[in-house]
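Asker: One structure, pasted below without further comment.
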Amino acid sequence: MFSVDRQSFQSLSALALFTFAFLGSEFFFDSRIGLLISAEGVVGAQAMILGASVVGFLAYAPISKLAGGRRALRVVEAVGAIAALVTIAVAESTLAMQIAGCIAFFLLGSLGAEAHWSMARAFEGSPSLAKGAGAAYAAGILLQFLSNQFVPAGMADAAVLCVGVAALAVFAAAGERDCETAGQTTANSSQQSAPGGAKTAIRAVWLLALVVLLACMFSTLDNVVTLANAQGSISVETWPRLFLAASGLAAGVLFDIRERRYMGFIMFAVTVLSTISILAVEAGASPVIGLIVFYVSSGFFVTFFTATFLQLAPRMRTPQLWAGMGRAANNLCAFTVLGVSMMLTQSGIAAVMIASLILFVLVSVAFVGAGLFRLPSTVGEREAIQAGLAAAAAPTLEEVQAEFISRSGLTPREEEVLRAVTADERPLKQVADDLGISLRMVQRHLTNIYSKTDTQTRAGLTRAFFGK
């Protein structure tokens, strides 16, 4: 489907392991704290750890800049996250579990930011960027599914997650070393990729707004799913999660069609489906059907915001910050809209319908503002445009000849002779007659012209004068 070199493999592995560790740790935390508090409390506790992960994402760039040894920083983050996961597994108080969860997800957020930045560097300019994002997400989901199916809950589950965190740190550090070997360190990557101007910054703001608005839809339904899972009416770790992996892969393939030319249109269609799924669940449709539709749409959403910001990051002035901004914005929305979404899901079909319509209108505006309804140019179209610009910027023949005369230091009479002998193949005797001077004078001027222009023949002089 797409070629993978060593650097790409390192970055894909890191992003897949981040997906596994992050989502697996989220479910592990929900399961553990659900033994101590109510189902509604689980949703609130989950929002807190998601908020901590946002801080970790945003803190990655400044912390990495301050820390001299990146490899040592990855080790510290991995050890800290592992210690926090073990604490969650053995803690018997809600407070201790909540604190450990916030620490774990802060560190996972920082590791995730590194994984996204590694992916942005490895796939910069690649026509398979969305496929890579979708494949990494699908691999992480499959790892989580297998872990939930075959690993017993409790310390064994925590041990597997700890191994995943350690592997994430290893692949993140390996990806960093590969980039340094290729001369693509964090410091000079932002210099090599020219930062975009005001238009790029404005588009980035619109994309952030779009992700936040879309996340509001998904967070509302996600809270419904989390609440139902905590109450025991559905089980989110079983077969429906496979739809996340399948939809992530499908999204990557569809998004990459003609260099992600139709990605905005496809995501908008998925948004319509997501809105319908929210209404269906609230109207009393089977929770399983709602869960499947939600997961299918979620796979497209995650691949969309991952690929979008991975593509955008190298053109931003702080690319390390922007590579994982899609995930950070999604988690921030899940944290901030908790109260509103919980109240909304418990207010009945009328409230959900009104809110969904308002969100849909705002999302449509954000799609337009981000330019996702404009078809971007393909490689061939961009090459044609560049060729046209180059032709328009090229000097005219008159400018080339004027520069040749000026550079050679020819006198007015020598310029007159030059133009006459290069205009056609007339004999020098006819040139002399046309200019009204003797043949010997033409030959003398021509000898001086040869010397000044570093040419030796009339044909060579003609080629030089016409810029050939």
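The values are calculated or read from the model by the stated rules, or taken from the named source; none is laboratory data. Given the structure is predicted, the values throughout are model-derived calculations rather than measurements. Backbone-built Cβ (ideal geometry, glycine too); neighbour counts: all protein chains shown. To get the accessible areas, we keep the full protein, side chains included, count just its heavy atoms, and leave off ligands, DNA and RNA. Shrake-Rupley method; radii C 1.70, N 1.55, O 1.52, S 1.80 Å.
Asker: Evaluate the following for Q7: is it in contact with a helix residue (DSSP H, G or I) (Cβ under 7 Å, 6 or more places away or on another chain), part of a helix (DSSP H, G or I), surrounded by fewer than 22 Cβ atoms within 10 Å (Cβ to Cβ) and polar (S, T, N, Q)?
Answerer: Answer is yes for this residue.
Asker: Still on this structure: Return the residues of the stretch 440-468 that are outside any helix (DSSP H, G or I) and either basic (K, R) or surrounded by 16 or more Cβ atoms within 10 Å (Cβ to Cβ) (or both); say none if nothing qualifies.
Answerer: Within the stretch 440-468, T455, K468 qualify.
Asker: Name the pairs whose Cβ atoms lie under 7 Å apart, with the first residue in the stretch 403-425 and in a helix (DSSP H, G or I), the second of a type in the set (D, E), and 6 or more positions between them or separate chains?
Answerer: I405/E415; A420/D434
Asker: Starting from the stretch 268-280, take each residue that is aliphatic (A, V, I, L, M) and list its partners that are surrounded by fewer than 14 Cβ atoms within 10 Å (Cβ to Cβ) and assigned to a helix (DSSP H, G or I), counting only C-beta distances under 9 angstrom and pairs at least six apart or across chains.
Answerer: Listed pairs, sorted by first residue: L279/I349; A280/I289.
Asker: Does I437 satisfy the criteria of being in a helix (DSSP H, G or I), over 55 Å from the mean Cα position of the chain (by Cα) and surrounded by 14 or more Cβ atoms within 10 Å (Cβ to Cβ)?
Answerer: no
Asker: Could you grab me the full set of residues in the stretch 62-85 that are in contact (Cβ under 8 Å) with a residue 24 or more places away in the chain and buried (at least 20 other Cβ atoms within 10 Å of the Cβ)?
Answerer: R74, E77, A78, A81, I82, L85
Asker: Sticking with this structure for a sec: Looking only at the stretch 38-84, how many residues end up being assigned to a loop (DSSP other than H, G, I, E, B) and out of contact with any helix residue (DSSP H, G or I) (no Cβ under 6 Å at 6 or more places or on another chain)?
Answerer: The qualifying residues number 3.
Asker: Additional query: Looking at the stretch 363-409 only, could you name the residues that are modelled with pLDDT of 85 or more and loosely packed, with under 13 Cβ neighbours inside 10 Å?
Answerer: Residues satisfying the conditions are E403, S406, R407, G409.
Asker: Mind counting the residues in the stretch 116-151 that are touching a Pro at 6+ places or on another chain (Cβ under 9 Å) and in a helix (DSSP H, G or I)?
Answerer: 3
Asker: In addition: Which fully enclosed helices (runs of 4 or more DSSP H) of the stretch 180-272 have 2 or more residues being modelled with pLDDT of 85 or more, open to solvent by 20 Å² or more (accessible area, probe 1.4 Å) and not charged (D, E, K, R)?
Answerer: Filter on the stretch 180-272 gives 198-231, 242-255.
Asker: Return yes when A156 is at pLDDT 75 or above and farther than 30 Å from Q7 by Cβ and no when it is not.
Answerer: yes
Asker: Looking at V160, is it among the β-branched types (V, I, T), open to solvent by 10 Å² or more (accessible area, probe 1.4 Å) and touching a residue at least 60 places away in the same chain (Cβ under 8 Å)?
Answerer: Criteria met by V160.
Asker: Considering each of F150, F123, F106 in turn, give the residue that is aromatic (F, W, Y) and without any contact (Cβ under 8 Å) to a residue 24 or more places away in the chain.
Answerer: When all the criteria are applied, what remains is F150.
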